[in-house]
Structure formats: structure tokens, C-alpha cells
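A short write-up of the structure that comes next.
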Amino acid sequence: MQILIADDDQAARHTLRNLLLEQGHAVQTAADGAAAIAAARLGAFDVAILDIDMPGLDGWSVAWRLRHDVTIRAMRLVALTGRSSPGDRQRSREAGFDVHLVKPASPPEIAASLRSAPP
């Protein structure tokens with residue numbers, strides 16, 4: 001799969017990138033929401049894994065924008081965040097995320113989040 005990762009935490013971004021590369025995926029990373037949107041518009045990604053708490057555009061804003069861009073809205077969106085309240089999960093659904101994973105997510109959880117068909 002072609003996967004976009006957006007997380008402002010360099011270590012988290014690097015660790016997830018390496019895990020997905022080891023699984024045979026093609027991976028591109030972004031350090032913030034604006035860079036994620038720019039990358040999504042230039043690439044042909046199957047999945048975007050987005051942190052929620054990023055500077056500038058947070059993950060919810062990025063998800064909403066991706067869902068409302070007719071050229072890329074079919075991409076599967078996975079929230080990977082430290083936010084775990086029912087309200088956070090509801091907000092993720094409203095923004096357009098398909099999956100809401102709480103950090104630290106296990107490799108099997110991450111793999112399962114990629115397997116379902118896009119919306």
C-alpha cells in the first residue's frame with residue numbers, strides 16, 4: 001500500500017515509518033497538517049495515518065479537508081493519537097476518520113487498520 005504518515009513527533013513518525021516499510025508498504029511522511037495535505041494532493045495514497053495534536057492544522061482539520069477534496073476523498077483515514085475519550089472518538093468520526101487508534105497502538109492494531117476497504 002501507499003501510506004502517508006503525518007505526526008509532528010519525529011520519533012513516532014520514524015518508528016511507524018520503519019514498521020510499515022518492514023511490512024512492504026511504500027511510505028511518505030509529513031511533520032504537520034499542511035504538509036500532509038500537500039503530500040496527499042501530489043501522491044496516490046491508499047491510507048493516511050494522522051496524529052490529532054499537530055501544530056497548525058490538527059489531524060481532525062486535515063481529515064475533514066481530505067474528505068472534502070474530490071480528488072482524494074476515497075483515501076482511508078486512520079487517527080493515531082493519545083486522545084481516547086468518547087468525545088475524541090466521536091470528533092474523529094465526524095471529521096471523516098475510518099479508524100481511531102490510541103497511542104501506543106500495537107503493530108497488529110496498525111495492520112488491522114490498514115486492511116479494511118476504503119470508504
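The values are calculated or read from the model by the stated rules, or taken from the named source; none is laboratory data. The structure presented is a predicted model; accordingly, all values stated were derived computationally and were not measured. When we count neighbours, we look across all protein chains shown, and the Cβ atoms used for this are built from the backbone with ideal geometry, even at glycine.
Here A40 passes the criteria (1) within 21 Å of G87 (Cα to Cα); (2) part of a helix (DSSP H, G or I) except the one numbered (1). Going through (1) surrounded by 14 or more Cβ atoms within 10 Å (Cβ to Cβ); (2) in contact (Cβ under 8 Å) with a residue 24 or more places away in the chain; (3) in contact with a strand residue (DSSP E or B) (Cβ under 8 Å, 6 or more places away or on another chain) one by one, R65 falls short only on (3). Could you identify the single residue in A35, A79 that is surrounded by 15 or more Cβ atoms within 10 Å (Cβ to Cβ), in contact with a strand residue (DSSP E or B) (Cβ under 6 Å, 6 or more places away or on another chain) and in contact (Cβ under 8 Å) with a residue 12 or more places away in the chain? Checking each option against the conditions leaves just A79.
Whether a residue is surrounded by fewer than 16 Cβ atoms within 10 Å (Cβ to Cβ), within 13 Å of the chain's Cα centre (by Cα), at pLDDT 95 or above and farther than 20 Å from R115 by Cβ was assessed, and D53 passes this test.
Give me the residue from region 95-119 that is assigned to a helix (DSSP H, G or I) and exposed (fewer than 12 other Cβ atoms within 10 Å of the Cβ) and, out of that set, farthest from the chain's Cα centre (by Cα).
Filtering region 95-119 for residues that are assigned to a helix (DSSP H, G or I) and exposed (fewer than 12 other Cβ atoms within 10 Å of the Cβ), the one farthest from the chain's Cα centre (by Cα) comes out as P108.
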